[in-house]
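Input: a single structure, listed below in structure tokens.
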């Protein structure tokens, strides 16, 4: 007699979000895959498509919280494990990190955080034998939560970064940078027009840079104005370099290393005839999709910016060039908390070499008397001011065109003694940390001598 079919048991609520969070965390910490790559595009985690919006938001918050507090969490959990994290079951560490983050910083009942973490361990072939350990360690975290949270020592910035920032900016500023990176940032958007109106629609506010900032939750595509193409996502600091080109209406402007396209949209919205070059066809396709949504136009070209030469149809040499060069991205840690754990100091050698070559090539594409803005979302001097000083020393055909405070919204703190742009994550402070801050950016404005 055939057995009656039984329906599969429904999954415990919230378990899928936590399982995917552990998968993505493993991707960052053990396979060194960038967080953004795992959240969208062709390499995105396949399970994301099955998550409801609420679970997707929980998953993202879990991963971001662990990465922002990774140093503290590893120090804490290491003190509770006599033999350290099980080397033969590496997923155990990620499960413990996600569980402890919920107990300490997320609004999750202790019993749920512990129980779901144990279930995640039990479901893994290697971590299963450590389910009891997961239960015991996380229960000790719940019992000692007050003392843990009262510890004034922050361990969430890798030593190599903190040492660099201390050398460059001093101890106080380095600590302020690290503290600012520990806060989850608001959503910043650049609007095509009427920022005050869109700030009201989005229940946000207009920042000192003209960016609209909102504490959005859920899918960005569901926010007012997205479908209509009224705005695009762009950090307040990332919107400043394009302003340094001045009035670009009717000018032929080249945007080198253009993806993801926020600056391309800015230039097109300002009336420029934009040529956007990027080596990644996939990223350029997303840029084109965004321009279509925004009803903006640009000539997009998939090519290596180091080798690309304009044709007569592209309008080169150009009236203005914006070069947003690949960099260590250490200025974007508040928005990309995986950066400190994916990058190393040794990466700077290759990056600075690439930046130098991009700068040299960009100068050759510039009309005499025209303007080049070079920018990086890095806090490291080798990628910023050192690059510009080296260029000026080896190429007499370009000169620095200093930036002034009125050009950057009268924020004198944004302008260096050399006349370059330098923003730091703790700038634009607010009594409520989630409303303050911006990415760390460097930009220099140059002119080709006629």
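The values are calculated or read from the model by the stated rules, or taken from the named source; none is laboratory data. Only a predicted model underlies this, so the values are computations on that prediction, with no experimental measurement involved. Ideal geometry is used to build each Cβ from the backbone, glycine not excepted, and the neighbour counts take in all protein chains shown.
Those residues that are part of a loop (DSSP other than H, G, I, E, B) and without any contact (Cβ under 8 Å) to a residue 40 or more places away in the chain, I need them from the range 18-41; list them, please. Give the steps one after another, and end with the answer.
Within the range 18-41, the subset part of a loop (DSSP other than H, G, I, E, B) is 30-34, 40-41.
Residues satisfying the conditions are 31, 33, 40.
Looking at this structure, is residue 155 more than 15 Å from residue 18 (Cβ to Cβ), touching a helix residue (DSSP H, G or I) at 6+ places or on another chain (Cβ under 7 Å), outside the structural domain of residue 20 (by TED's automatic domain parsing) and modelled with pLDDT under 95? Yes: the conditions hold for residue 155. If the condition is being surrounded by 17 or more Cβ atoms within 10 Å (Cβ to Cβ) and more than 26 Å from residue 285 (Cβ to Cβ), then the range 27-60 contributes 29, 55, 58.
Collect the residues in the range 99-114 that are free of Cβ contacts under 8 Å to residues at least 40 places away in the same chain and either surrounded by fewer than 17 Cβ atoms within 10 Å (Cβ to Cβ) or not assigned by TED's automatic domain parsing to the domain that holds residue 68 (or both), keeping them in residue-number order. Across the range 99-114, the qualifying residues are 107, 109, 110, 111. Against the conditions (1) closer than 26 Å to residue 184 by Cβ; (2) surrounded by 20 or more Cβ atoms within 10 Å (Cβ to Cβ), residue 342 satisfies every one except (2).
From the set of residues in the range 75-92 that are in contact (Cβ under 8 Å) with a residue 24 or more places away in the chain, surrounded by fewer than 18 Cβ atoms within 10 Å (Cβ to Cβ) and assigned to a helix (DSSP H, G or I), which is nearest to the chain's Cα centre (by Cα)? Selected residue: 75.
Within the range 338-438, considering only helices (runs of 4 or more DSSP H) that don't extend past its boundaries, which have at least 1 residues that are touching a strand residue (DSSP E or B) at 6+ places or on another chain (Cβ under 6 Å)? Show your work before the answer.
Numbers: elements: 339-342, 347-364, 385-394.
Fully inside the range 338-438 and qualifying: 347-364, 385-394.
Filter the range 42-74 down to the residues that are free of Cβ contacts under 8 Å to residues at least 40 places away in the same chain, within 21 Å of the chain's Cα centre (by Cα) and in a loop (DSSP other than H, G, I, E, B), then identify the one that is nearest to residue 18 (Cα to Cα). Looking at the filtered set, the residue picked out is 45.
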